[in-house]
Amino acid sequence: MARTPSSPLGSSTPAPSEITPETVFQDRRHFLSMTGALAIDSALPLDALAQDSAASLRALPGKVSPLSTDEKKTPWEDAIRINNFYEFGTYKSDPARNAHTLRTAPWQVVVEGEIHKPKTFDIDELLKLAPLEERVYRMRCVECWSMVLPWVGYSLSELLRRVEPTGNAKYVEFTTLADPQQMPELKNKILDWPYVEALRLDEAQHPLTLLCFGLYGKTLLPQSGAPVRIVVPWKYGFKSGKSIVKIRLTETMPTTSWTRANPREYGFYGNVNPQVSHPRWSQATEQRLGKGERLDTLLFNGYADQVASLYAGMDLKKFF
Ligand code: MTE
């Protein structure tokens, strides 16, 4: 894959086209537009469609968690119009424009695999399983932009505990809905749908790993992964699967969508690490959306105190 012109975010930032798989990259129309996408998006007012869908959201308050950062939050408008959700298009502005076709109710989540108590949850039941908390997390995308967002949900461990993992369970796999009628971009084989992500069981059980239903005190908008998504703040954003319909505990390491698409560039772990460059760009710095300056990227996205012990003795260059 050839190098592309530098992105508007700065010379050390990959052009957004660079993260995309070959099929997308080869689409010249897409490439030309993507190179300016972030700069243009953050300058635009919310369009009428986004305002309409925002008006339909329900309040979803949560008690502020001590796991929250007190850094300045990214404006809600940026969080809901600059998204990656390839099922609705590969431009950063596509999900905000297109994801209104997602039907978020009724919604069920199947929990299965290496557990003693497999169960299919209606979304309302899942929502009430544990007290909701507001978790203000730093989020770092592999494309070198970052946000600080107040998510609403509870630790995924609350759910995992209730379904009782068997002694064989070592990984947790998350599968996104894949319905071509609701997700028009599935016809473009950008990834091997459905979108699948996974964590090691101890990562999934870590208190920071959030089963997330809301953002900024309201239910999630479709572009943010409504009605339920995962949020793993010490990993690059691609590890946080959206609009989840299945959670499966497994004995063997699942093959995730990005690793399948490009194993050299996207490892299973996806931990934020400024010392391990992506093969085609540095991960040393990031552009905080809504803030002018570039920031140094921190190991494990600044959550090293809480999560570094999960990787004790591991070569993080090899297990990237
Ligand atoms: N989940 C699904 N189903 N499809 C996607 O394309 N993109 C991932 C992740 N989860 C993605 C997904 C990537 S690359 C990122 S950076 C985050 O979602 C973006 O989340 P945000 O739009 O809430 O910032």
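The values are calculated or read from the model by the stated rules, or taken from the named source; none is laboratory data. Note that the coordinates shown come from a computational prediction; the quantities given were computed from them, not determined experimentally. Note that we place each Cβ from the backbone using ideal geometry, even for glycine, and neighbour counts take in every protein chain shown. For accessibility, only protein heavy atoms count, side chains too; no ligands or nucleic acids. Shrake-Rupley method; radii C 1.70, N 1.55, O 1.52, S 1.80 Å.
Considering Pro66, Pro118, the condition of being in contact (Cβ under 8 Å) with a residue 24 or more places away in the chain and surrounded by fewer than 18 Cβ atoms within 10 Å (Cβ to Cβ) is satisfied by Pro118 alone.
For the residues Pro180, Pro194, Pro184, Pro165, the requirement of being within 9 Å of the ligand (Cβ to nearest atom) and over 29 Å from Lys73 (Cβ atoms) singles out Pro194. Only one of the numbered conditions (1) at pLDDT below 95; (2) among the aliphatic types (A, V, I, L, M); (3) loosely packed, with under 15 Cβ neighbours inside 10 Å is not met by Ile80, and that is (3). Of the residues making up the range 211-236, those that are more than 9 Å from the ligand (Cβ to nearest atom) and either farther than 14 Å from Leu127 by Cβ or outside any loop (DSSP other than H, G, I, E, B) (or both) number 14.
Selection of first residues in the range 235-259 that are on the phi > 0 side of the Ramachandran plot and of second residues that are among the aliphatic types (A, V, I, L, M), restricted to Cβ pairs under 6 Å at least 6 apart or on distinct chains, gives the following pairs, ordered by first then second residue: Ser243/Leu177.
In summary, strands (runs of 3 or more DSSP E) completely within the range 128-205 and bearing 1 or more residues that are open to solvent by 40 Å² or more (accessible area, probe 1.4 Å) and within 30 Å of Ser65 (Cα to Cα) occur at 133-140. Of the listed requirements (1) of a type in the set (A, V, I, L, M); (2) under 23 Å from Asp94 (Cα atoms); (3) more than 15 Å from the ligand (Cβ to nearest atom), Val142 misses just one: (3). For the range 119-141, name all the residues that are among the aliphatic types (A, V, I, L, M) and out of contact with any helix residue (DSSP H, G or I) (no Cβ under 8 Å at 6 or more places or on another chain). Passing the criteria: Ile123, Leu127, Leu132, Val136. Return the residue satisfying two criteria in turn: it lies in the range 237-252 and is away from the ligand (no atom under 14 Å from the Cβ) and assigned to a strand (DSSP E or B), and of such residues it is nearest to the chain's Cα centre (by Cα). Only one residue tops the list, namely Arg248. Among the residues of the range 268-279, are any modelled with pLDDT of 95 or more, touching a strand residue (DSSP E or B) at 6+ places or on another chain (Cβ under 9 Å), surrounded by fewer than 18 Cβ atoms within 10 Å (Cβ to Cβ) and not aliphatic (A, V, I, L, M)? Checked the range 268-279: at least one residue is modelled with pLDDT of 95 or more, touching a strand residue (DSSP E or B) at 6+ places or on another chain (Cβ under 9 Å), surrounded by fewer than 18 Cβ atoms within 10 Å (Cβ to Cβ) and not aliphatic (A, V, I, L, M).
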